[in-house]
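Student: Take this structure, written in structure tokens, and hold onto it; I'll ask about it next.
The values are calculated or read from the model by the stated rules, or taken from the named source; none is laboratory data. Here the structure is a predicted model, which means the values were calculated and not measured. Here the Cβ is made from the backbone with ideal geometry for all residues, glycine too, and neighbour counts use every protein chain on show.
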Amino acid sequence: VSYAKRLMHGKSSRISLDEDSIFEGLPNEITVGRYHSLSLLEDTLPEELKIISKSNDDGEVMAVKHKEFDVYGLQFHPESILTQDGLRIMENFLNKV
């Protein structure tokens with residue numbers, strides 16, 4: 001974890017989504033709400049975590065998934081009014097657990 005390239009408090013960004021059940025039914029790119037000043041450093045992630053989403057504008061990691069377990073980490077906020085299809089992401093997650 002390090003300081004983000006820029007503060008993202010109440011900002012929206014386009015992100016790319018890998019195929020994953022948490023993103024089922026969504027297009028390959030969506031707009032999300034971001035509220036953070038820290039970000040993950042891709043080269044320091046443990047091998048057990050897989051990057052499943054990145055921001056299109058700054059390349060920051062937006063979502064990771066554990067390779068064996070249904071454990072996720074999201075940098076963006078699916079509950080934000082700025083997040084396109086945020087309810088769908090949360091429903092997909094709840095259907096998994």
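Student: Taking the options G73, G10, G33, name whichever one is touching a Pro at 6+ places or on another chain (Cβ under 9 Å), in a strand (DSSP E or B) and of a type outside the set (A, V, I, L, M). Outline the logic, then answer.
Tutor: Values: G73 fails: touching a Pro at 6+ places or on another chain (Cβ under 9 Å); G10 fails: touching a Pro at 6+ places or on another chain (Cβ under 9 Å).
When all the criteria are applied, what remains is G33.
Student: Of all residues in the stretch 45-56, which are within 19 Å of P27 (Cα to Cα), surrounded by 15 or more Cβ atoms within 10 Å (Cβ to Cβ) and out of contact with any Leu (no Cβ under 8 Å at 6 or more places or on another chain)?
Tutor: Passing the criteria: K54, S55.
Student: Still on this structure, I have one more. Can you find a residue in the stretch 70-79 that is touching a Lys or Arg at 6+ places or on another chain (Cβ under 6 Å) and among the hydroxyl-bearing types (S, T, Y)? Give the steps one after another, and end with the answer.
Tutor: Of the residues in the stretch 70-79, the ones touching a Lys or Arg at 6+ places or on another chain (Cβ under 6 Å) are 70, 72, 76.
Next, only the ones that are among the hydroxyl-bearing types (S, T, Y) stay: 72.
Checked the stretch 70-79: at least one residue is touching a Lys or Arg at 6+ places or on another chain (Cβ under 6 Å) and among the hydroxyl-bearing types (S, T, Y).
Student: Surrounded by fewer than 18 Cβ atoms within 10 Å (Cβ to Cβ), at pLDDT below 95, within 12 Å of the chain's Cα centre (by Cα) and not polar (S, T, N, Q), is that true of G59?
Tutor: Details: surrounded by fewer than 18 Cβ atoms within 10 Å (Cβ to Cβ): yes; at pLDDT below 95: yes; within 12 Å of the chain's Cα centre (by Cα): yes; not polar (S, T, N, Q): yes.
When the stated conditions are applied, G59 passes them.
Student: I would also like to ask the following. In this structure, does L38 turn out to be modelled with pLDDT under 95 and not β-branched (V, I, T)? Step through it out loud before you land on a result.
Tutor: Details: modelled with pLDDT under 95: yes; not β-branched (V, I, T): yes.
Considered against the rule, which asks whether it is modelled with pLDDT under 95 and not β-branched (V, I, T), L38 comes out as yes.
Student: Scan the stretch 21-44 for residues that are touching a Lys or Arg at 6+ places or on another chain (Cβ under 9 Å), crowded, with 16+ Cβ neighbours inside 10 Å and more than 19 Å from I81 (Cα to Cα) and report the count.
Tutor: 1
Student: Based on this model, can you work out whether F76 counts as among the aromatic types (F, W, Y), touching a Gly at 6+ places or on another chain (Cβ under 8 Å) and in contact (Cβ under 8 Å) with a residue 24 or more places away in the chain? Write out each step before concluding.
Tutor: Numbers: among the aromatic types (F, W, Y): yes; touching a Gly at 6+ places or on another chain (Cβ under 8 Å): yes; in contact (Cβ under 8 Å) with a residue 24 or more places away in the chain: yes.
So F76 fits the description; yes.
Student: Cβ contacts < 8 Å: first residue within 11 Å of S2 (Cβ to Cβ), restricted to the stretch 33-51; second residue of a type in the set (S, T, N, Q) and surrounded by 10 or more Cβ atoms within 10 Å (Cβ to Cβ), any location; separation 6+ or different chain. Result?
Tutor: So the pair list comes out as S39/Q75; L40/Q75.
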